[in-house]
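Report on one structure; see the data block that follows.
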Amino acid sequence: MKICIPVTGPQGLDALLQPDFTAAEHILIYNLASGEHRTFSRDGETEQEADEEPIAIDAVLCADMHPQVLRAFSAQGIQVFATEAETVAQALQALQ
């Protein structure tokens, strides 16, 4: 399962969660099966190469989300989980 987590910066598992999904400047994608993760930036500074395929996600883990965004994810079959954790590591631990 690949999980999308909005974060405040590129600090990996130590990154603080961005409370509002749509305000996130960075997104961390975590592969629950392998433990691998990558951070992507809204300003275009990413680790992803231009020729790579887009990353499909299975779930979103965040503290707050606008209802329209929630409906859009749900319509695509993407699960949305709420968390009150402060860091990615804490949120993932609570999810598991």
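At a glance:
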read-out	value
Counted residues, segment 1-18 - those being touching a Cys at 6+ places or on another chain (Cβ under 8 Å) and either more than 11 Å from V88 (Cβ to Cβ) or aromatic (F, W, Y) (or both)	0
Which listed residue, of A56, A89, is under 16 Å from A33 (Cα atoms), part of a helix (DSSP H, G or I) and open to solvent by less than 90 Å² (accessible area, probe 1.4 Å)	A89
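The values are calculated or read from the model by the stated rules, or taken from the named source; none is laboratory data. Model, not experiment: these values are computed from the prediction. No Cβ is skipped: glycine too gets one built from the backbone with ideal geometry, and neighbour counts run over all protein chains shown. All accessible areas refer to the heavy atoms of the entire protein, side chains included, with ligands and DNA or RNA removed. Shrake-Rupley method; radii C 1.70, N 1.55, O 1.52, S 1.80 Å.
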